[in-house]
Structure formats: structure tokens, C-alpha cells
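Read the figures in this text as sums done on the coordinates, not as results from a lab. Quantities reported herein were computed from a predicted structural model and do not represent experimental measurements. Cβ placement follows ideal geometry from the backbone for every residue including glycine, while neighbour counts extend to all protein chains displayed.
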Amino acid sequence: MSVGTTDTITYRVTIHPTTNKVNVMSFDLDAIDATGLGVYDTINQTPKWIRERIATLMLVDPTPPTEPIEGVGHRIDKTTYWIYADR
């Protein structure tokens, strides 16, 4: 699983800084029905695989420029994450 391959789906996960609502969307046009898409009231309501990747990425300093973690994703800033999943 790596960035930019046809074997992965890239998800954009944002966590609202005051409400903690989580928005999960995909950049891939052919992943419109991918699992996990939607808005959640808290991170605890997201699927386990999303929580695990976000937990790992939260260990990364959010100060740009940030580096991706192979097979996990990329922390973009304090509240935005790109996570990778197999198709």
C-alpha cells in the first residue's frame, strides 16, 4: 500500500477543532461507495481501520512540511489527514 498507486484509495479525514465532528471523504472518483465515507459525531464512531490510522498519524508533528507514513497516510495539518486503504 503506497501513495499514488491504483491499489489504494486515499481518504481525506478532517476533525473539526471545536465540535470534534469527523468528515471522511475520498479523492478517488471510482470510490464513491467506499466504506467509511460520511460525517461522524466523534472519532470513536468511525470504523476501526480509520481510528487506527489517525492514531498513528497524530504522533506526527503537524508543522508543514510533513512526510507520509508508508501504508498509513499523511498528516496534512493539525486537523486534516490523508489515509490510505487497499481497494
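Remarks
- Put simply, when 64-71, 22-29 are sorted by average Cβ atoms within 10 angstrom per residue, most first, you get 22-29, 64-71.
- Computed over the chain with a Gaussian network model linking Cα atoms closer than 10 Å, the most mobile of THR56, THR19, THR35 is THR19.
- For segment 46-63 and segment 5-39, distance of Cα centres in Å: 13
- Working from label points 7 Å from Cα in the Cα-to-Cβ sense, the ALA34 to THR66 distance is 1.7 nm.
- For the chain, Kirkwood radius (reciprocal of mean inverse C-alpha pair distance, Å): 12.9
- Using θ = phi - 60° and Karplus 6.51 cos²θ - 1.76 cosθ + 1.60, couplings along segment 10-15 (whole Hz; Gly, Pro as x): 9, 10, 9, 10, 10, 10
- Cβ-to-Cβ counts within 10 Å put ARG75, ARG12, ARG53, ARG87 in ascending order as ARG87, ARG12, ARG53, ARG75, the fewest first.
- Scanning residues 5 or more positions from GLY71 or on other chains, those with amide H under 5 Å from its amide H are VAL3, with H placed 1.01 Å from N in the peptide plane.
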